[in-house]
Every structure is written in structure tokens, then in C-alpha cells.
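A short worksheet on the structure shown next.
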Amino acid sequence: MKLQRTTLILILLALGLGGFVYFYEFYSKTQQEKIQEKTQQIFSFTPDDVQSLTVKTKDYTLNLERNSNSKQPKWLMTSPQQAPASDAIVSYLMDLLVKGKSDRTLSIPVDRLAEFGLAQPQSTIVIALKNQQTHQLILGKPDFKRSFVYAQADPDRKSTGNVDVLLVSKDFENAVNRELSEWKQTPDVGEGKPLPSLNLPTPQN
């Protein structure tokens with residue numbers, strides 16, 4: 001009888017300890033990484049609101065300025081080179097910035113940013129508006145399924161608590177991770193550029 005009572009007490013203690021450990025780990029993880037399954041707009045500005053863009057990658061820092069003197073091209077590259085910018089490439093990025101949404105938001109401790117590739121990001125986009133406001137989108141590494149990219153929008157770098165990490169489309173990664181030459185406008189054939197010689201045979205008299 002005494003043995004059965006001791007066994008029962010041990011079983012209850014084991015169950016209680018197991019429940020406590022489970023609750024503690026679940027609660028701790030939930031507090032550290034709160035996931036919001038909610039689609040939300042990343043930014044609220046329009047294309048016409050944007051005055052300039054700065055794209056920082058591991059290979060270069062690109063500055064783009066709206067061309068106020070002409071409708072074509074709409075954008076000018078001011079550094080690291082000075083040249084007309086590709087309207088198609090810039091419009092692609094602009095469309096993502098204006099219409100882009102986040103499928104999920106994770107609230108994580110600031111000291112875990114490196115796990116998401118955000119301590120040393122692969123690229124950073126700085127958007128300067130005509131009203132002097134600025135916005136920033138930082139792109140980290142892809143998620144484990146490589147379906148989305150971890151990102152931060154207008155991050156508070158002075159925060160010591162939890163910060164929001166967004167999951168955004170990989171299109172952002174494709175839009176900025178390109179060769180510098182791709183950002184330049186390609187001259188149209190026939191506009192001041194001589195056609196190549198066809199080297200036709202000379203007619204015989």
C-alpha cells in the first residue's frame with residue numbers, strides 16, 4: 001500500500017514537472033517570437049511622392065534621383081556613375097515599394113537580428129520623399145523555405161527590446177541584387193547610334 005502511494009506521488013510529481021517545463025518553454029518561445037498572421041502594407045506613399053532612392057548592396061551604393069528636367073528618362077543615376085537610369089528597372093522596384101505587403105510579422109529580441117540576416121543585411125533601400133520624410137527597408141536572408149525574405153521597415157536601431165521582422169516577397173531581393181550596368185538606360189537602336197555594317201558584296205559591273 002505504501003509502495004503504491006509512493007509510486008502515485010512520483011507519477012504526479014513527474015506530470016507536474018513535465019507540465020511546468022512544457023508551459024515554460026512554450027510561454028518563453030511565444031514571448032520571444034510572436035507571430036502575427038496578418039497581411040499588411042509595408043509603406044503608404046505613392047510613386048509621385050518619391051524624390052530619390054538609395055540602394056546599398058555588398059557591391060555598391062547606388063543613388064537615383066528623379067529627373068525634374070524631362071519626362072524621359074524619369075530617373076537619373078547620380079552615383080557611383082552619372083547616367084540616365086533604366087525606367088523599367090526603377091519602376092519595378094518602385095512598384096514593389098508602393099504596393100508591397102508583408103504576409104507575416106515576427107516580434108523578436110533585438111539581439112537575434114543576426115539569425116535573420118539583418119545585423120549585416122544583404123541590401124538596404126532608402127526612400128527620400130518630396131516632403132523631406134525618409135523611409136528605409138532592410139533586406140536580410142530568405143526564410144527556410146526560400147519563399148520570403150526577412151526584412152525590417154523603418155527600424156528603430158536604438159531599441160533594446162523586441163523588434164518587428166517582416167516576411168516580404170523575394171521580388172525585393174531580385175529587384176536590387178543586380179549588376180550596376182542593369183540600372184542604366186539602354187540606348188535605343190536608331191537614336192544617334194550607327195547601324196552595324198552588313199558587309200554586303202560589291203556589285204560587279
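May I ask you to list the residues in the stretch 116-135 that are crowded, with 16+ Cβ neighbours inside 10 Å and either part of a loop (DSSP other than H, G, I, E, B) or without any contact (Cβ under 8 Å) to a residue 60 or more places away in the chain (or both)?
PHE116, GLY117, LEU118, PRO121, GLN122
Considering each residue of the stretch 152-175, count those that are of a type in the set (Ser, Thr, Tyr) and open to solvent by 60 Å² or more (accessible area, probe 1.4 Å), and give that number.
The qualifying residues number 1.
Quick one: in the stretch 136-151, of everything that is of a type in the set (A, V, I, L, M, F, W, C) and open to solvent by 40 Å² or more (accessible area, probe 1.4 Å), which residue is nearest to the chain's Cα centre (by Cα)?
Result: PHE148.
Please indicate, with yes or no, whether at least one residue in the stretch 93-102 is modelled with pLDDT under 90, under 21 Å from PHE172 (Cα atoms) and open to solvent by 30 Å² or more (accessible area, probe 1.4 Å).
no
Checking the conditions here, which among LEU76, LEU106 is open to solvent by less than 50 Å² (accessible area, probe 1.4 Å) and either of a type in the set (A, V, I, L, M, F, W, C) or in a loop (DSSP other than H, G, I, E, B) (or both)?
From the options LEU76, LEU106, the qualifying one is LEU106.
Considering only the stretch 52-73, how many residues are of a type outside the set (A, V, I, L, M, F, W, C) and open to solvent by less than 60 Å² (accessible area, probe 1.4 Å)?
The number of residues fulfilling the criteria is 9.
The values are calculated or read from the model by the stated rules, or taken from the named source; none is laboratory data. Worth saying up front: this structure is predicted, and the values here are computed from it rather than measured. Cβ sites come from the backbone with ideal geometry, for glycine too, and all protein chains shown count toward neighbours. To get the accessible areas, we keep the full protein, side chains included, count just its heavy atoms, and leave off ligands, DNA and RNA. Shrake-Rupley method; radii C 1.70, N 1.55, O 1.52, S 1.80 Å.
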